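Q: Can you keep this structure in mind? I'll have questions shortly.
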Amino acid sequence: MLTNKEMRERDLAHIWHPCSQMKDYESLPFIPIKSGKGPYLFDFDGKRYLDAISSWWVNLFGHANPYINERIKAQVDTLEHVIFAGFTHEPAIRLAERLVTLTPDKLQKLFFADNGSSAIEIALKMSFQYYKNGGEVRDIFISLENSYHGETMGALAVGDVALYKEIYNEILIKTVQAKSPALVGSDEALDSMERLLQEYEGRVSAVVIEPLVQCAGGMAMYDASYISDLKALCEVYGVFLIADEIAVGFGRTGTMFACEQADIVPDFLCLSKGITGGYLPLSVVMTSDEVYNAFYCDYSEGKSFLDSHSYTGNALGCIAANATLDIFENERILDANLVKIDILGALLQRFEALPNVLETRQRGMIAAVELKGYRPEERIGLQIYRYALAHGVLLRPLGNVVYFMPPYIVTEEQLTEMTDVAYEAIKSLI
Ligand SMILES: Cc1ncc(COP(=O)(O)O)c(C=O)c1O
């Protein structure tokens, strides 16, 4: 029988884990997972963990979901993958048709990639090249303070979480950050955005935002009205708006896509994470016919969008995404989530009374508890992470922010369990 200990030793001999100081694993060993079922993960020693963060915000309908499993199994025997330049397949076509139906009419075209950061790179490159194809070089992107868009160089450059970005500052593309509505309120944030749009007029190809929730930036939330006003500003100054719904898409904020709440249509919509129900790496960038047509001409004109990844449009990823959309439709997930959203909101309330809690906040199926009075060096989040794991719950606080982003199959009992453990963890720090 394999044990946690043996798996850790074999892993550590060769594997360098993401988003980790490997030395930390000397004092807080990582957990070798043997299997998953619904919202639970099981390690090699038989211990069970409730996945309160949907395994980095990707899992929507539980681990080893029987329906998604069945669909993937059938696809494996038919076609696992095919080069997507010069070829196509039914799962990709079907997925594209469905996403076009689910999103506003203007978004008629869809470009595939295989992770969130790549989708951001594609949206940045497409918006830059759109102008270049028309003879203009627009060399600046505007994003928001406290934003996060991924780890590849372009995505890092538009991001603003110093922890991930600062080290690479010297080698990043040109971007500027406007104030975040989540930190200073909508009015000040819009003023700051407008000043930048004026200062760099003619040089900006796109503004990129995470609609409604800056997730990696501590689950910082803001009003939909900011997004509507921002879209209007982008139109006045003639720049594209890229909506990074990689984390908030697919029902996270209560609606299928967060932009719906602002009643706007972005020029580029980036989707990933939940798109496959948390099964396989896949992302898409959706855009308009107008953008598409700016690249459509004879090859000799040199205007083609030549971006590609080997696994673009992977058939297994696409079938998992189709299965995910089936579940949304067949089980009326957005309606069913309304009840869970209320339960989560009610469970959040008692945190407010704790003296080390600054505030609680919620947007749909994302709930957060921000702590106060701790310095970053204290790594309070790590202490809570450790406490929760010992009590069978996977939480992964972002600095001083403890949050819940459960899979949608979570029950009231499981929501209670995860918030109870978080409450006790936070209380134990007092
Ligand atoms: C808003 C947002 N954009 C982009 C990304 C990057 O996605 P990926 O990790 O798949 O590259 C993330 C990942 O957390 C994200 O939250």
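Q: How would you rank 173, 319, 33, going from fewest to most other Cβ atoms within 10 Å of each one's own Cβ?
A: Numbers: 173 14, 319 29, 33 17.
Least crowded to most crowded, the residues run 173, 33, 319.
Q: While we're here: Expressed in nm to one decimal, what extension gain is obtained for the pair residue 329 and residue 136 from 0.36 nm per residue of sequence separation less their Cα-Cα distance? Don't jump to the answer; show the numbers that get you there.
A: On the way: separation 193, 0.36 × 193 = 69.48 nm, distance 4.34 nm.
Answer, rounded to one decimal: 65.1 nm.
Q: May I pose another question? Most exposed first by the Cβ proxy, i.e. fewest other Cβ within 10 Å, how do 309, 63 rank? The partial results should precede the final answer.
A: On the way: 309 17, 63 22.
Fewest to most other Cβ atoms nearby, the residues stand as 309, 63.
Q: Additional query: I'd like the antiparallel share, as a percent to the nearest 5, of DSSP beta bridges with both residues in the chain.
A: Details: 31 of 47 bridges.
Of the beta bridges lying entirely in the chain, close to 65 percent run antiparallel.
Q: On to the next question. Mind pulling the angle between the C-alpha long axis of helix 4-14 and the longest principal axis of the chain? Nearest 10 degrees, somewhere in 0 to 90.
A: The two axes meet at around 40 degrees.
Q: Which of the listed residues, 313, 391, 292, is farthest toward the dipole's positive end in the chain, when Lys, Arg count +1 and Asp, Glu count -1 at the beta-carbon?
A: It is 391.
Q: Let me ask something else about it. Please tell me the relative contact order of the chain in percent, rounded to the nearest whole number, where contacts are Cα pairs under 8 Å and at least six residues apart.
A: Reported as a whole number, the value is 20 percent.
Q: Can you tell which of 127, 272, 35 shows the greatest fluctuation in a Gaussian network model of the chain with Cα springs below 10 Å?
A: Evaluated over the chain, the most mobile residue of the options is 35.
Q: Would you mind checking the tilt of helix 315-330 against the longest principal axis of the Cα atoms of the chain, expressed as 0 to 90 degrees and rounded to 10?
A: 70
Q: Treating only the Cβ atoms of Lys and Arg (+1) and Asp and Glu (-1) as charged, compute the dipole magnitude of segment 120-219 about its Cα centre; round to the nearest 20 debye.
A: Values: 8 positive and 15 negative charges, 65 e Å.
Roughly 320 debye, rounded to the nearest 20.
Q: Beyond 21 Å, what share of the Cα-Cα pairs of segment 181-313 is found? Please give it as a whole percent. Write down the numbers at each step before the final one.
A: Values: 4260 of 8778 pairs.
Percent of Cα pairs beyond 21 Å in segment 181-313: 49.
Q: Alpha carbon centre of segment 20-63 versus segment 271-334: separation in Å?
A: 28
Q: Is the shape of segment 137-217 rounded, prolate or oblate, going by the alpha carbon gyration tensor and its root eigenvalues a ≥ b ≥ c, with a/c under 1.5 for rounded and a/b larger than b/c for prolate?
A: Working: a/c = 1.98, a/b = 1.08, b/c = 1.83.
Judged from the Cα gyration tensor, segment 137-217 comes out oblate (a/c at least 1.5, b/c at or above a/b).
Q: What is segment 89-244 by shape, rounded, prolate or oblate, if you read a ≥ b ≥ c off the alpha carbon gyration tensor as root eigenvalues and call it rounded for a/c under 1.5, prolate for a/b larger than b/c, and oblate otherwise?
A: Numbers: a/c = 1.32, a/b = 1.31, b/c = 1.01.
Rounded, because the longest to shortest axis ratio a/c is under 1.5.
Q: If you average the alpha carbon positions of segment 193-242 and of segment 158-173, how far apart do those two centres end up, in angstrom?
A: So the two Cα centres are separated by 19 Å.
Q: Taking the 0 to 90 degree range and rounding to the nearest ten, how far is the long axis of helix 66-76 tilted relative to the main principal axis of the chain, both from C-alpha atoms?
A: In the chain, helix 66-76 runs at an angle near 50 degrees to the longest axis.
Q: Taking 21 Å as the cut-off for C-alpha to C-alpha distance, list the pairs among 5/47; 109/303; 23/372; 179/273 that go past it.
A: Numbers: 5/47 13 Å; 109/303 17 Å; 23/372 27 Å; 179/273 26 Å.
Flagged as over cut-off: 23/372; 179/273.
Q: Another one. Distance in nm between label sites at residue 429 and residue 108, each 7 Å beyond Cα in the beta-carbon direction?
A: 5.1
Q: Placing unit charges on C-beta atoms (Lys and Arg positive, Asp and Glu negative, everything else neutral), compute the dipole magnitude of the chain about its Cα centre in debye, rounded to 20. Could the numbers behind the result be given before it?
A: Values: 37 positive and 58 negative charges, 202 e Å.
Dipole size: approximately 960 debye.
Q: Would you calculate, for the chain, the mean residue ellipticity at 222 nm contributed by helices, counting each DSSP H stretch of 4 or more residues as -39,500 (n - 2.57) and dividing by all residues, to the nearest 500?
A: On the way: 16 runs with 167 residues, N = 430.
Counting only the DSSP helices, I get -11500 deg cm²/dmol.
Taken together, the values in this text are just the output of simple stated rules run on the coordinates, not laboratory data. Predicted model only: the values in this text are computed from it and were never measured. Glycine also receives a Cβ, built like all others from the backbone with ideal geometry; neighbour counts cover every protein chain displayed.
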